[in-house]
Amino acid sequence: MFQNKKPVIAIDGTAGSGKGTLAKKIAKVLNFDHLDTGLLYRILAYEFLKLNKDLEMLREINIDLNILLDKKKIKLMNLRSEEITKISSEIARLEFVREKLISLQRKFANNPPSGIGSVIDGRDITSVIVPNAEIKFYIDADIKIRAERRVSQLDLPASSYNEILKDLIQRDFQDKRRKISPLIKTADSQFINTSKINESEVLNKAIEHIKKKLILFSDCI
């Protein structure tokens, strides 16, 4: 079983639950590096679209982690587009794709750019990628609230709500029922329901848990 060499805060959760926002905020507070693992799948989907639609070509695509540091390029890639979102979700169910990206995620965990520690969020971080992470969180919220937030975040018209809700229901089903690395809440993950609390309150809950769990972080907070 993989043992991380640097401290890791692992965060899993459903789409639109706020786990990414929480991960960024925790990383800022602790001066840790943040890895949104979903971006890796989106980048793979983006490169895949540029080549052709033969899934076997995914085996030939390599991702340089340094691309995550190029915020300008990431923005230009439009990785949140509907097409890339759908493809990234589909390819995430492929065993060889997940195996391909596991080493990249663990490399980041062991060698965060700052050399201090990392906050890594995704769907199987606590259960598969970094099972021995020092701190684990599972984030979720009512699916209707998640749909409302997604519409707002993407600046979509209110009329798109039903379609977004439908997509989230399908995404949850795929994430939780897939055979390879399904989304689960591990027994040692701290659960936070973000349905009725704002981003600051979510962060406060997380920080309080971190303080209780690891005294060594107290000087950073």
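The values are calculated or read from the model by the stated rules, or taken from the named source; none is laboratory data. Predicted model, so just to flag it, every value in this text is computed and none were measured. Note: ideal-geometry Cβ built from the backbone for every residue, glycine included; neighbour counts use all protein chains shown. Side chains are part of the model used for accessible areas, which takes the heavy atoms of the whole protein and leaves out ligands, DNA and RNA. Shrake-Rupley method; radii C 1.70, N 1.55, O 1.52, S 1.80 Å.
Quick rundown of the values:
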item: Conditions (1) free of Cβ contacts under 8 Å to residues at least 12 places away in the same chain; (2) not in a loop (DSSP other than H, G, I, E, B); number of the one not met by Asn62; result: (2)
item: Number of the condition not met by Val119 [criteria: (1) assigned to a helix (DSSP H, G or I); (2) touching a residue at least 40 places away in the same chain (Cβ under 8 Å); (3) open to solvent by less than 70 Å² (accessible area, probe 1.4 Å); (4) not small (Gly, Ala, Ser)]; result: (1)
item: Test: residue in region 28-37 that is in a loop (DSSP other than H, G, I, E, B), farther than 30 Å from Glu208 by Cα and at pLDDT 85 or above; result: no
item: Residue check for Phe137: open to solvent by 90 Å² or more (accessible area, probe 1.4 Å) and either outside any loop (DSSP other than H, G, I, E, B) or closer than 22 Å to Arg80 by Cβ (or both); result: no
item: Complete set of residues in region 145-157 that are part of a helix (DSSP H, G or I) and open to solvent by less than 80 Å² (accessible area, probe 1.4 Å); result: Ile145, Arg146, Ala147, Arg149, Arg150, Val151
item: Residue count for region 159-187, restricted to those that are open to solvent by 50 Å² or more (accessible area, probe 1.4 Å) and more than 18 Å from the chain's Cα centre (by Cα); result: 7
item: Odd one out for Met57, checked against (1) among the hydrophobic types (A, V, I, L, M, F, W, C); (2) open to solvent by 10 Å² or more (accessible area, probe 1.4 Å); (3) touching a residue at least 24 places away in the same chain (Cβ under 8 Å); result: (3)
item: Residue in region 18-26 that is among the charged types (D, E, K, R), in a helix (DSSP H, G or I), open to solvent by 30 Å² or more (accessible area, probe 1.4 Å) and touching a His at 6+ places or on another chain (Cβ under 8 Å) present; result: yes
item: Answer from Lys100, Lys75 - the residue that is within 23 Å of Ala15 (Cβ to Cβ), open to solvent by 100 Å² or more (accessible area, probe 1.4 Å) and either touching an Asp or Glu at 6+ places or on another chain (Cβ under 9 Å) or outside any loop (DSSP other than H, G, I, E, B) (or both); result: Lys75
item: Residue ID - least open to solvent (accessible area, probe 1.4 Å), chosen from residues in region 103-116 that are assigned to a helix (DSSP H, G or I) and of a type outside the set (A, V, I, L, M, F, W, C); result: Gln105
item: Subset of region 122-132 (residues that are in contact (Cβ under 8 Å) with a residue 60 or more places away in the chain and open to solvent by 10 Å² or more (accessible area, probe 1.4 Å)); result: Arg123, Ser127, Pro131, Asn132
item: So Gly13, is it small (Gly, Ala, Ser) and either open to solvent by 20 Å² or more (accessible area, probe 1.4 Å) or touching a Cys at 6+ places or on another chain (Cβ under 7 Å) (or both); result: no
item: From the options Glu199, Glu90, Glu95, Glu82, residue that is under 22 Å from Asn31 (Cα atoms) and either of a type outside the set (Val, Ile, Thr) or crowded, with 18+ Cβ neighbours inside 10 Å (or both); result: Glu199
item: Region 158-186, residues that are outside any helix (DSSP H, G or I) and either modelled with pLDDT of 95 or more or closer than 14 Å to Ser17 by Cα (or both); result: Leu183, Ile184, Lys185, Thr186
